[in-house]
1. Does the range D:421-436 contain at least one residue that is touching a Lys or Arg at 6+ places or on another chain (Cβ under 8 Å), at the interface with another protein chain (Cβ under 7 Å from one of its Cβ atoms) and surrounded by 21 or more Cβ atoms within 10 Å (Cβ to Cβ)?
2. Test of understanding: among D:L369, D:L305, which residue is in contact with a strand residue (DSSP E or B) (Cβ under 7 Å, 6 or more places away or on another chain), away from chain B (no Cβ under 14 Å) and assigned to a helix (DSSP H, G or I)?
3. From (1) farther than 23 Å from D:F233 by Cα; (2) assigned to a helix (DSSP H, G or I); (3) without any contact (Cβ under 8 Å) to a residue 24 or more places away in the chain, pick out the condition that doesn't hold for D:I360.
4. If you check C:P156 against the conditions, is it surrounded by fewer than 18 Cβ atoms within 10 Å (Cβ to Cβ), of a type outside the set (S, T, N, Q) and not assigned by TED's automatic domain parsing to the domain that holds C:D241?
5. Assess whether D:V418 counts as being in a helix (DSSP H, G or I), over 23 Å from B:L35 (Cα atoms), in contact with a Gly (Cβ under 6 Å, 6 or more places away or on another chain) and aliphatic (A, V, I, L, M).
6. Just to be sure before I move on: is C:G134 within 14 Å of another protein chain (Cβ to nearest Cβ) and not in a loop (DSSP other than H, G, I, E, B) in the structure I sent?
7. Among the residues of the range C:32-43, is any of a type in the set (S, T, N, Q) and over 30 Å from C:D88 (Cα atoms)?
8. So which pairs qualify, if the first residue must be in the range D:44-58 and within 9 Å of chain C (Cβ to nearest Cβ) and among the acidic types (D, E), the second must be surrounded by 15 or more Cβ atoms within 10 Å (Cβ to Cβ) and assigned to a helix (DSSP H, G or I), the Cβ gap must be under 7 Å, and the two must be at least 6 apart or on different chains?
Amino acid sequence: MSQTAEHEASNETSEHVREIGHDEFDPIGTLTLIGIYFLILVFLWFFMYFVEFLGNDPTVVSGTLVFLATGERLA
Amino acid sequence: MRISKGALLIVIAFIAPLIVELRTVLAWVNVELTLLESAVLGIGLIGVILVWALWPQEGTSESAG
Amino acid sequence: MNIHTYEKLWLIAAMVLIVGFIATITYGSVGLGITMVGDQQDTVEPTELDDERFSDPRVAQVGENEYEAYVTAQMFSFQPDPIEVPEDSEVTFYVTSRDVIHSFSLVGTNVNTMVIPGEVAEMTVEFDEPQDYGVVCNEYCGPNHHNMEGMVHVVPEDEFDLTELDAEAPDEVETGDDIDVTATVENRLLDPIETTVTLEIGNETVSEDVTIDGGETDETTFTVDSAQLGEGDHEWTVTVDEHTDSWTVTVVDELEDGDADDDADDESNENTDAGDDTDGGENGTEDETDTDETESDASGGDDE
Amino acid sequence: MTNTYIESFPAEAKVVRAAFYSSFLALAIGGLFGIIQTLHRTGYYRFMDSADYYTVLTAHGVLLAITFTIFFLVGVFTWATTTSLDRPVEDIRFTWAWYGLMVLGTVLTAIPIFAGFTDSEMSASVLFTFYAPLQGHPLFYFGLVLFVVGTWLAGVDWFRSWWAWKQEHPDERIPLPTFMVLTTTLMWYIATLGVAAAILLFLLPWSLGLVESVNPLLTRTLFWFFGHPVVYFWLMPAYMMWYVLLPKISGGKLFSDPLARVVFVLFLILSVPTGIHHQYLDPGIAEGFKFIAMTNTMFLLLPSLLTAFTVVASMEHGARQRGGTGYLGWLKALPWRDPVFAGMALAGLMFAAAGFSGMINAGMNINYLVHNTFWVVGHFHLTVGTAVALTFMAVTYWFLPQVTGKALWSRSVALGQVVLWFVGMTFMSNAMHRGGLLGIPRRTAEPQYEGFEFEAAVGSVGELDAQIALGGALLTLSLVLFFANVVGTALNSRSDDLPANEYADTLSGPSDAPLVLDNLKLWTAIAIVLVIFAYSFPLLSIIERGGLFGPELTELPVSIGLGLEYLWVTTVSTVTAAGETAITIIAGVSS
């Protein structure tokens, strides 16, 4: 695969401004992008679960818990 | 040209889902747009991007976000 | 193996995300009591379904504010349809299929289950406000899948009953004989009901107040003088609250045959009533033509 | 001298080309059926009877989800093993044989499906999932079996190449593309056991009349044993492209070879024991089993989330080498004019969105909200319909010159095509997701009901329909442009100026990866143990409850005339008993 790298370098020198090795590369842009993605995921998850899902009443529940809840409501 | 034609095309494509869902998002804050209004808004947005992209570049480039 | 610091950060964030998801779901199950359709019910024979729940799909009261709805799905209908339950009630649905895989899904709610032949889906649901819900089958079940729909009506408490009405009268009587119209009223609620049984025949209206205890059946017989009605066809209607049962009695000059025929006629009349009974009983608001249609749909599906 | 694939491996290039063309043919027919359904469902144009909709839907599902994806996969995987091991296949006749078997299987499956349009008795409008007791013609099941056997032999071919290579390079690490092929193939072998069992033991004998009935829950569970991992089977070639091709096209190197291996190992061990999450709402499966399936599924998010980082970091590496700067400004430096890059990047972006709707699908009780609604259709049009299909179309623009030796007909048309696909799918899948939240069901010819209407909080159902139809039209146009490019390229004359057949180098190479990652036997064993843990108890419980052959097992008439039937039941019972014993032993050992 080192052979591949040489080809790549010779083929695309025109497009390459610089060569960045393993140790000099900090994917800060990736961290930024994926951080934004993480926030979107967290927000949408809570939105979907607590607004869309739980707001979509009625929901299937276990009999006993509801009985307790109903009992409270009637009392 | 501030960005390449290819990148411009992609940015416009990327705007599509934002425009489509903008109405839904605005409805949550009680701003109800009609279909026509959101279409006009979308076209306007794309227009702004086009103007921005085609404006002759001066100095250092900005972030394409 | 060297992993970049940022990637380690992301790895931790991803694990937090995953654990957070599982925690949310667990909170829904344990904290809010959301229960999955599971294996609570024993299996059944899809082609027979002769146990007391599914031989006569219906709503039954099992406690104060607690009801059970036995539902069958078949190509391309649900039984009973519509399902009627009162507001502020806790309803447990038991749903099974007579043929292929269907679903039973209340549109716009989280009440949603697969309906698999041989298995019984159990779902307990709490209904608050009166509302009508559409029911769809959301699993492909054959060429008319898109026509498979039903309704669940959650009705105000004072409009809800589980009264079964079945009225009988002879088809033909000789002028001068009495016509006995017998109304059998069953109260499937747990509490007693007070209501009025009314018979309309010709221009005449007679009624009787009755009180029926929970789970009991009351028989009211009205006797009408056929001579007063005169010869010809006379439609009669028995009404209890919003439930009606009606048929036609023919008053003739002289019966062609003897008593034997009388019995036969009685029987045929009874059959018709029994037909109404299967699904007409649960849905007082629906008129008879509609329910009959539903039933013929269902049997048509069975044949396929 | 251009060093294209066809120059290095002329014989293999023909097979890869044939696989690609088979895949495109399926895409063309499946795509045509797609727009027919779009217009029918939304009510814009209905020219056929609604009953025929389900025949169209069956063909759409089978041709796109199975034929299109898997034919492309075998092409890519054959390219990957030959290129990365730098050796031709061991026996090209064997390669053609499995390709032929796959074609035969497809044709045999297609015959009864398409017969559904005619008046003949033969039909198989049972959809891609063929849930019993809906019954297809035996030919349908038989064809599927042949197709799957074809893919098994393809796997044997790739393994043969690797074994032969290993003899000559005993101390070398498995090259990354081959590693990906092998782990994916192992996963496929485990996964297809489910569908093979469902068809060979139950559905085929049942459709032939050898047995009276089947247990619908059992065959359904066996289907999903296969039905979930099959989505990773579609996805893995796309992942491979993102790992080995995308960094190179971006002008950079793969960020981490070891993590790429970790990701594929995770897919091998976690893909199969998750299928029950498709059955969250099935009666007859205990909630506990569903919860276990959920935790497995949630952890399956990990390899995809890791992939997101590695792939984006590789792109960033390319962008920065091309002069990109800033936190987000580097995005401008990416080669957006290259359709291969733009297509894959847009596909990846869509997959990020698909990842979100997939997380919702993976959740156990929230499944009540979305199960079998249009939401699910929106989800898999983002995954298989975009992440996979758009990646395949984008890399086609790279592969076509490699396997034909001809230059691409038009790069501009190609760029327009991938962008159009992205925009079209945005409209379509967005409206599908939203429709699903309103309770609109999937798989229905006419989602318009007499007794009630779907209520939208924002906008209307009519508007969603319009979005779907618009999206469908754009997708169809995109497909037309794609095929124009494929045909145009095929008609081009040979070119001497083509990019060489290379894939991306790595920043952190295989030497950084622990040796244990290459221990395929270990990972396979772990995968099998996990499958046994996740599935043995649910399967035993289903059989115990409903019987092997459904509720009527005890009444099964043993016909003397046939005798076969008896033999069949005995064999199956023996096999199951043996399985149970094995499970008991394993359970005993592990506890």
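1. So far as the range D:421-436 goes, no, none of its residues is touching a Lys or Arg at 6+ places or on another chain (Cβ under 8 Å), at the interface with another protein chain (Cβ under 7 Å from one of its Cβ atoms) and surrounded by 21 or more Cβ atoms within 10 Å (Cβ to Cβ).
2. Residue meeting the stated conditions: D:L369.
3. Result: D:I360 fails condition (1) only.
4. Against the criterion (surrounded by fewer than 18 Cβ atoms within 10 Å (Cβ to Cβ), of a type outside the set (S, T, N, Q) and not assigned by TED's automatic domain parsing to the domain that holds C:D241), C:P156 qualifies.
5. So D:V418 fits the description; yes.
6. Yes; evaluated as a whole, the condition is true for this residue.
7. Yes: the range C:32-43 contains one or more residues that are of a type in the set (S, T, N, Q) and over 30 Å from C:D88 (Cα atoms).
8. none
The values are calculated or read from the model by the stated rules, or taken from the named source; none is laboratory data. As the structure is a prediction and not an experimental result, all values here were calculated from the model. Glycine also receives a Cβ, built like all others from the backbone with ideal geometry; neighbour counts cover every protein chain displayed.
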